[in-house]
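Here is the structure we will look at, set down as structure tokens.
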Number of protein chains: 2
Amino acid sequence: MVGRPRRSDVDESVIKAATELLLTRGYAGLSPDEVAERAGIAKTTLYRRWPTKDHLALAVVNRLQDHDEITDTGDIRRDLPAYLEKIAAGLNRMRAAGRAPGDEDASAGTVAELVAAAARHPDVGELERQMYARRNTLARALLEKARDRGQLRADLDVEALFDQLAGALYYRVLITGLPVDRAYAERLVDTALRGATPENG
Amino acid sequence: MVGRPRRSDVDESVIKAATELLLTRGYAGLSPDEVAERAGIAKTTLYRRWPTKDHLALAVVNRLQDHDEITDTGDIRRDLPAYLEKIAAGLNRMRAAGRAPGDEDASAGTVAELVAAAARHPDVGELERQMYARRNTLARALLEKARDRGQLRADLDVEALFDQLAGALYYRVLITGLPVDRAYAERLVDTALRGATPENG
DNA sequence: CCGGTTACGCTACTCAGGTAGCGAAAAGGA
DNA sequence: TCCTTTTCGCTACCTGAGTAGCGTAACCGG
């Protein structure tokens, strides 16, 4: 290693300041100037580490992700809605962040901005996909175990199924603008498991 | 009516200029200054009619929507993938808009920005929902007719099913960053119709 | 302890989206 | 014809994200 080393405490204080701002004032309220000031560094230093505000916001959300494990009771009809609800809880938390009290608007806030950020910066998109990959792995494992147990069809298209379930959650929050609760998660799982054609169990 | 009337040709020339910019240079390239210049009006006039760039972009996309009718051959296993593919075609078109030739990045571009725009401005969100409502109505009618024909379960949760199908498309393009083609649409429909549990037809 | 290298902080700047304020133009009504 | 109302175009400005350039500080190897 050559040259002056980076101050090791900067990352932490920046993420802390940025998290506060993002959670209390929402995406628009996450001002790089103010983050730098609160973290006690110069704005240029901030931009040396996170090249855009979008990168910074993603770093914050990445940290916020509770590293939830999946609970596998052996009953897919219980475990799957439970896991979907966990995902939805994260969505709803982000969705609520930064809304003024009493603001009933179904704004998707941070989640929506991160979707756009992924579209704007390829590397942010890559990082987000890595974030989702963890979740994807967990869900796939859950489904495959259930399949091996005989609770799901042997020739099930696991990827398509998970896309449908997770997709419906995002669609509801981002496009339809409605919140996602336990009851909705159960409707999804029930519909997906039973199938749409007649004479199914 | 009192007062000076609005120039009636402004809307058309603005939308035309904005459409060109959006399609050739993407969302970031949709510059209000340049739109105004190309449309031959002052920027302030532009902002009197569309209060933000997001509003303007939505107006453009709204116009671009091909007012596709659904083809109902009576076979849900054909009609449904066909309709999903139409939706996906719109997504892919927006997704490609503004990318440099040879840019292989799976950027979701305009669609992603519109999702964020809906989160930023409640009224934009409302307008988008109206846009989607049309599609929703068509799909629901298709599904309900198939149900009445006996091709789908009588107690099917039509809303959940459509959320899953449409949601999977959006999830794939916006989150996973992968394109959506006919084969994928058919996988979705097959998975959704058959269901995930064993012993289904 | 000296030269190379990298990080830091500062000031000043660019650029894009959006706004304020004003005078002039285009209508309708009295 | 004059008054009111609304739109238009213009210039000037504001704000927030991001950058350029420079002097200085911190570290490493010789």
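Some observations on this one:
- Look at the stretch B:152-162: the mean tally of other chain Cβ atoms within 10 Å of its residues' Cβ atoms is 5.
- This model, with +1 at the C-beta of Lys and Arg and -1 at the C-beta of Asp and Glu, gives chain A a dipole about its Cα centre of some 540 debye.
- Average partner coverage of B:121-129, which counts Cβ from other chains inside 10 Å: 3
- Among A:ARG182, A:ARG48, A:ARG147: highest mean-square fluctuation, GNM of chain A, C-alpha pairs under 10 Å: A:ARG48
- One quarter of the convex hull surface built on the alpha carbon atoms of the range B:154-201 amounts to 4.1 nm², the projected area averaged over directions.
- Mean residue ellipticity, 222 nm, helices only, the protein assembly as shown: the sum of -39500 (n - 2.57) across DSSP H runs of n ≥ 4, divided by residue count and rounded to 500, is -21000 deg cm²/dmol.
- Whether chain A is rounded, prolate or oblate, judged on the alpha carbon gyration tensor where a/c under 1.5 counts as rounded: prolate
- Counted by neighbouring Cβ atoms within 10 Å, the residues A:SER8, A:SER31 run from fewest to most as A:SER8, A:SER31.
- Expressed in units of 2.2 N^0.38 Å, where N is the residue count, the Cα radius of gyration of the protein assembly as shown is 1.07.
- Degrees separating the helix A:122-149 axis from the principal Cα axis of chain A, which is the longest one: 30 degrees
- Anchor A:LYS43: aspartates and glutamates whose Cα lies under 12 Å away (excluding residues fewer than 8 positions away in-chain): A:ASP33, A:GLU34
Each value in this text was obtained by applying a stated rule to the coordinates, not by laboratory testing. The shown structure was predicted, so the numbers you read here are calculated from the model rather than taken from an experiment. Please note: Cβ atoms are built from the backbone with ideal geometry, for glycine as well, and neighbour counts cover all protein chains shown.
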